[in-house]
1. Return the single residue from Ser271, Ser39, Ser128 with maximal mean-square fluctuation; model: Gaussian network over the chain, springs between Cα atoms under 10 Å.
2. Which of Trp9, Trp137 comes first, and how do the rest follow, when ranked by fewest Cβ neighbours within 10 Å?
3. Quick one: if the Förster radius is 41 Å, what FRET efficiency do Thr35 and Val211 give, using the C-beta to C-beta distance and rounding to 0.05?
4. What are the residues whose amide H is under 5 Å from the amide H of Met91, where those residues sit 5 or more places off or on another chain and H is modelled from the backbone?
5. Sort out for me the Cα centre separation of segment 247-320 from segment 132-153, rounded to whole Å.
6. When Rg/Rh (Cα atoms, Kirkwood Rh) is calculated directly from the model, which label among (i) 0.94; (ii) 1.02; (iii) 0.97 fits?
7. Between Asp11 and Glu174, what length in nm is gained on full extension when 0.36 nm per residue of separation is reduced by their alpha carbon distance?
8. Quick one: order Tyr14, Tyr297 by neighbouring beta-carbon count within 10 Å, fewest to most.
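What follows draws every value from the coordinates through simple rules; no lab data is involved. Since this is a predicted model, take the numbers as computed values, not measurements. Cβ: placed from backbone, ideal geometry, glycine included. Neighbour counts: every protein chain shown.
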Amino acid sequence: MGLLVKGQWHDQWYPTEETKGEFIREDAQYRHWITADGSAGISGEGGFVAEADRYHLYVSLACPWAHRTLIFRELKQLQKMMTVSVVHPDMLDQGWSFAEDFLGATGDTLYGNDFMHQIYTRNDATYSGRVTVPVLWDKKRQRIVNNESSEIIRMLNTAFNHLTHNHEDYSPEEKRPAIDEINSLVYSAINNGVYRAGFATTPAAYEKAVVRLFDALDDVDERLGKQRYLVGNTLTEADWRLFTTLVRFDAVYVGHFKCNLQRIADYKNLSGYLRELYQHSNVKDTVNIAHSKRHYYYSHDMINPTRIVPVGPTLNLDAPHDRS
């Protein structure tokens, strides 16, 4: 995981020596919005209008943050309106690559670039910062709209409704405070918590992150014993934000990130909840465990220097669930 400094690529890991061994995630820099009429404008120019075949997603099938956007592309029936490029699962000395020698990797279908950092410098030749996915790209203006997954899924949730006539709402206004509250817990302790454990470079930082992670999983499991979903009995954005971590947990985070107090399969409620979400609509088509295992175990050689990718575990995500 490198970064660009004034448009120049540097293969540089996170500076955990400055944070007592703790991994600190940097905020996304591009935070523009697409709306139905382009009303969320930018100073000095018009807003980004929701139009068919104008926008493109750059994603990794391994990345839980990018996975959110693929799920919403399916749920909101945007497959024919929004094109996608999938990076290779290996993230090596040049960061995310557009190599195509792994099943499911598409290459850069817009510009034929070799690396994801070239998309960032295409947008801004002097960009400084991490090169992450997902990226929501405007093909008309040739620029990045947004690279913050939580904002991208909220755009996809509503901005294109007038084009798709799909009005399913995963973040309804009346539930927004409750959604935002549970999102905050899930993000800090679980979504990002697995990384804070896995990328920690001191025992104290690791143990702090793992304890907080499993305290939060225990809390969520208890909540799901009282109601079907995170916010009552209706699927919301909050569930999909949690799902992308849960579906990778037993295959990757238990072993690679040492998050091994329990597996998701060991939880009474979380295990069935995970299977229910996996089996919902076309969501399983967005899940690629092979990409996830390859990315983490092969790319992070500071954690797994042999780069051996484990054969297991067997996940049985298609097994029946008792959620109703």
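1. Looking only at Ser271, Ser39, Ser128, the biggest GNM fluctuation is shown by Ser39.
2. On the way: Trp9 18, Trp137 26.
Ranking Trp9, Trp137 by Cβ neighbours within 10 Å, fewest first, gives Trp9, Trp137.
3. 0.50
4. Answer set, sorted by chain and number: Ser299.
5. Taking the Cα centre of segment 132-153 as reference, the centre of segment 247-320 is 26 Å away.
6. Only one option fits the structure, namely (i).
7. Net length gain for the segment: 54.2 nm.
8. Listing Tyr14, Tyr297 from fewest to most nearby Cβ atoms yields Tyr14, Tyr297.
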